[in-house]
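Accompanying notes for the structure given below.
The values are calculated or read from the model by the stated rules, or taken from the named source; none is laboratory data. Because the structure is a prediction, the values reported are computed rather than measured. Glycine gets a Cβ as well: all are built from the backbone with ideal geometry, and neighbour counts include every protein chain shown. Heavy atoms of the whole protein, side chains included, go into the accessibility calculation; ligands, DNA and RNA do not. Shrake-Rupley method; radii C 1.70, N 1.55, O 1.52, S 1.80 Å.
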Amino acid sequence: MIPDLDTVPLLGALTPTQRAVLAGTGELETHRPGTRLFEEGQPADRARVVLCGCVMVDIPVPGRGSVAVQSIGPGELLGLSWFVPPYRWHFGATVVSPTRAIAWDAARLRELAEEDPALGYRLSLALAEAMLNRLQSTRLRLLDLYRNPR
Amino acid sequence: MIPPAAWLPTRYRVERRTRETADSATLTLRPADEPLAPFRPGQFAMLYAHGVGEVPISVSGIPETGDLVHTIRSVGAVSRALHDSTPGTVLGVRGPFGTAWRLDGVDDLLIVAGGIGLAPLRPAVRHALTHRHRYRRVVLVAGARTPTDFLYRDELRRWDDDSGVEVLLTVDQPGDGWTGRIGFVTEPLAAMPLDPGRTIALLCGPEPMMRACAGVLIGRGVPDHRVQVSLERNMQCGTGRCGHCQLGPLLLCRDGPVVDYPVAAGLLSVKEL
């Protein structure tokens with residue numbers, strides 16, 4: 001059973017009715033640590049919001065193996081590539097602790113957004129907010145603010 | 001009237017030195033003379049390394065024994081001398097100075113630390129643990145450059161295991177074997193469950209970090225007057241006389257370091273103020 005999406009801050013921009021539509025089309029996934037969810041270059045066919053647990057987003061670097069660049073935790077969106085052509089993952093993802101997530105068929109979610117522009121707009125706003133937050137956080141990480149200034 | 005302890009250093013002896021990270025150490029100081037007045041979480045002392053100089057350092061522990069605990073990062077000549085002090089070394093201490101964290105009249109206490117910013121917040125966490133029944137929820141979000149750059153790693157683990165504090169640690173750069181969060185502290189703040197009207201937030205770390213965190217929290221509905229930040233400038237006299245720590249209309253040694261965000265917001269966005 002899909003939990004109440006009203007408690008997911010990421011979806012706060014949607015109306016209760018729109019959240020109910022999303023809840024009706026999503027499914028609950030549970031994953032064990034070590035599960036590989038997707039690989040770079042594969043079709044981005046699933047949208048997920050993590051409810052509990054942790055997923056590591058990584059990229060292969062020659063000589064260093066898979067390098068983790070970001071973790072996705074409770075309340076966060078796992079992956080954005082499913083929303084923008086060419087709908088292929090830019091990074092890989094592995095589950096690192098027991099994880100529950102709400103997952104949607106990405107093509108179905110895009111259809112819903114096309115059919116109902118109000119839903120599509122609100123969903124786009126939610127995704128833009130998630131992207132903006134991630135972009136700003138990444139910029140702040142680039143500043144290396146915690147380094148020793150000596 | 002300014003008490004003499006504000007001007008004249010009181011002798012404290014280094015009782016214990018704990019290495020925290022590659023560049024930070026925690027000193028437990030025991031009074032060699034009459035102890036200073038009790039410190040409150042968020043306040044700072046002027047620590048004097050004899051023959052080298054004096055710097056402001058927030059209190060990072062307030063034991064009931066009358067000892068003082070300070071965590072010092074080695075970044076310059078004076079802080080290096082303090083950081084390198086060994087047990088038995090006598091230091092001069094003036095204080096307590098400045099404003100303290102306001103910790104009462106709240107249901108949910110959200111504490112956000114970046115890097116060495118965890119040091120001035122540790123007494124607030126300990127206070128919340130001592131009075132845990134007063135709070136509905138206590139959350140600590142702490143960020144560091146790498147996993148080995150976290151201060152108080154054993155204590156963080158204890159808090160997380162069994163104390164009723166939700167501890168969320170996140171790093172900019174993971175090392176081998178790190179399975180915790182990777183990302184900036186703003187990310188868990190944006191996604192975590194929050195009851196904005198019942199939350200008070202304490203922020204300490206680099207100013208861009210505090211600005212970004214305040215922006216996320218206020219965006220989520222936390223009233224700006226319920227966000228407190230700890231600011232740092234060139235504190236010298238500690239009593240609001242010399243003016244070296246002026247930030248706009250504030251003298252931070254007296255009016256800070258802990259300031260409500262509505263007061264700080266406009267000042268933090270001015271370049272080179």
For this session: State, as an integer percentage, the relative contact order of the stretch B:75-154 based on alpha-carbon contacts under 8 Å between residues 6 or more apart.
Result: 32 percent
Exercise. What list of ³J(HN,Hα) couplings, whole Hz, do you get for the stretch B:56-62 from phi and the Karplus terms 6.51, -1.76, 1.60, once you set θ to phi - 60° and write x for glycine and proline?
Worked result: x, 9, 5, 6, 10, x, 10
Exercise. How much accessible area is lost when chains B and A come together, counting both sides, with a 1.4 Å probe, in Å² rounded to the nearest 100?
Worked result: 2300 Å²
Exercise. What order do you get for A:88-98, B:115-125, A:110-120 when each peptide is scored by the mean count of other beta carbon atoms within 10 Å, highest first?
Worked result: B:115-125, A:88-98, A:110-120
Problem set entry | Once the Cα gyration tensor of the stretch B:1-84 is diagonalised, semi-axes √(5λ) in Å | 20, 15, 12
Exercise. What is the helix-to-structure angle for B:153-162, meaning the angle in degrees between its Cα long axis and the longest Cα principal axis of chain B, kept from 0 to 90 and rounded to the nearest 10?
Worked result: 50 degrees
Seminar exercise, completed: Rg from C-alpha atoms of the stretch B:118-254, normalised by the globular rule of thumb 2.2 N^0.38 Å, equals 1.15
Exercise. Which value, in Å² and to the nearest 10, is the accessible area of B:His50 when all protein chains are kept and the probe is 1.4 Å?
Worked result: 100 Å²
For this session: Please find, in a Gaussian network model of chain B (springs between Cα atoms separated by less than 10 Å), the residue of B:Ala49, B:Ala190, B:Ala201 whose mean-square fluctuation is greatest.
Result: B:Ala190
For this session: List every residue whose amide H lies under 5 Å from the amide H of A:Val69, counting only residues 5 or more places away in sequence or on a different chain, with H placed 1.01 Å from N in the peptide plane.
Result: A:Val57, A:Asp58, A:Ile59
For this session: List the residues of the stretch B:133-161 whose accessible area drops by at least 30 Å² when all protein chains are present, compared with their chain alone, using a 1.4 Å probe and counting only protein heavy atoms.
Result: B:Arg145
Exercise. Under the Karplus relation 6.51 cos²θ - 1.76 cosθ + 1.60, θ = phi - 60°, what is the ordered set of whole-Hz ³J(HN,Hα) values for the stretch B:252-262, x standing for Gly and Pro?
Worked result: 5, 5, 10, 8, x, x, 7, 9, 5, 4, x
Exercise. If we restrict to alpha carbons, what Rg and Dmax does chain B come to, in Å?
Worked result: 18.0, 56
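Peptide A:128-134: average number of partner chain Cβ atoms within 10 Å per residue?
So the per-residue partner count for this stretch is 3.
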Seminar exercise, completed: Dividing the mean separation of Cα pairs under 8 Å (6+ apart) by the residue count of chain B yields a relative contact order in percent of 17 percent
Exercise. Angle, helix B:118-130 long axis vs. longest principal axis of chain B, Cα atoms, 0 to 90°, nearest 10?
Worked result: 70 degrees
For this session: Using the Karplus curve 6.51 cos²θ - 1.76 cosθ + 1.60 with θ = phi - 60°, work out ³J(HN,Hα) for each residue of the stretch A:66-77 in order, rounded to whole Hz, and write x for Gly and Pro.
Result: 7, 9, 6, 10, 6, 10, 10, x, x, x, 9, 7
Exercise. Which far-off residues, 5 or more places away or on another chain, put their amide H under 5 Å from the one on B:Gly205, with H placed in the peptide plane?
Worked result: B:Gly114, B:Ser230
Seminar exercise, completed: Rg/Rh of chain A (Cα atoms, Kirkwood Rh), to two decimals, equals 0.99
Seminar exercise, completed: Descending packing, highest mean Cβ count within 10 Å first, for B:227-235, B:31-39, B:17-25 is B:227-235, B:17-25, B:31-39
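Determine the order of A:Tyr121, B:Tyr135 by accessible area, beginning with the largest, at a probe radius of 1.4 Å. Present the calculation step by step, with values, prior to reporting the outcome.
Numbers: A:Tyr121 135, B:Tyr135 15 Å².
So, going from the largest accessible area down, we get A:Tyr121, B:Tyr135.
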Problem set entry | Modelled label reach - B:Leu8, point 7 Å along Cα→Cβ, the stretch B:14-37 residues with backbone N closer than 14 Å | B:33-36
Exercise. Hey, what did chain A get for relative contact order, percent, Cα under 8 Å, at least 6 apart?
Worked result: 29 percent
Seminar exercise, completed: In whole Å, largest first, the alpha carbons of the protein assembly as shown cover along the principal axes 75, 45, 42
Seminar exercise, completed: Which residues qualify? For B:Val141, with a placed amide H closer than 5 Å and at least 5 residues away or on another chain, they are B:Ile111, B:Val112, B:Ala113, B:Leu168
Problem set entry | Debye-sum result for the stretch B:74-171 in log10 I(q)/I(0), which assumes one identical scatterer on each alpha carbon, at q = 0.10, 0.12, 0.18, 0.25 Å⁻¹ | -0.35, -0.50, -0.96, -1.30
